[in-house]
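Peer 1: Encoded as structure tokens, here's the structure I'll be asking about.
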Amino acid sequence: MKWKTIAAFASTLFCVAGGMLATAAPAAADGPCPANRICIYDEINFRGNRILSGSTNACFSPQDFAFTFGTIVSYDNNLPVNATVWGIYIDGYHADRTLVSGGFSSNIGIANLGGYPLDKVCMGAARP
């Protein structure tokens, strides 16, 4: 009889512990930038809207996303390649900032970085 009580208690304890782990997972999913990804944010300290990419040889425009992404204010690059923010000017594209592989910045400090409709973020050897 004693074993049944211990088994019931242990079963309840494991269910409670499992419930705690299950509720902690969604909070962790919104945490730091995952391995092998680059994350750009439109607020300081890795906050605000986030764009996440795992590509190592492609470009995207931050302004093409359905939500209103502001400008690139902070980033975390966990890719094995650099990413470059390309700004569009009258005479074509110019590299405005390199987001180095393994690098991060909680406040880039460049006004309007990636904020215009044709601006691009290109990873690896890709170019606009």
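Peer 1: Do any residues in segment 31-51 that are assigned by TED's automatic domain parsing to the domain that holds Gly70 have Cβ atoms under 7 Å from those of residues that are among the aromatic types (Phe, Trp, Tyr) and surrounded by fewer than 14 Cβ atoms within 10 Å (Cβ to Cβ), where the two are at least six apart or on different chains, and which pairs are they?
Peer 2: Asn49/Phe67; Ile51/Phe65
Peer 1: If you don't mind, another one. Do the conditions hold for Val85, that is, is it of a type in the set (A, V, I, L, M), in contact with a strand residue (DSSP E or B) (Cβ under 6 Å, 6 or more places away or on another chain) and closer than 15 Å to Leu113 by Cα?
Peer 2: On the way: of a type in the set (A, V, I, L, M): yes; in contact with a strand residue (DSSP E or B) (Cβ under 6 Å, 6 or more places away or on another chain): yes; closer than 15 Å to Leu113 by Cα: yes.
So Val85 fits the description; yes.
The values are calculated or read from the model by the stated rules, or taken from the named source; none is laboratory data. The model shown is predicted, which means the values in this text are computed figures rather than measured ones. So basically every Cβ, Gly included, is an ideal-geometry build from the backbone, and we count neighbours across all protein chains shown.
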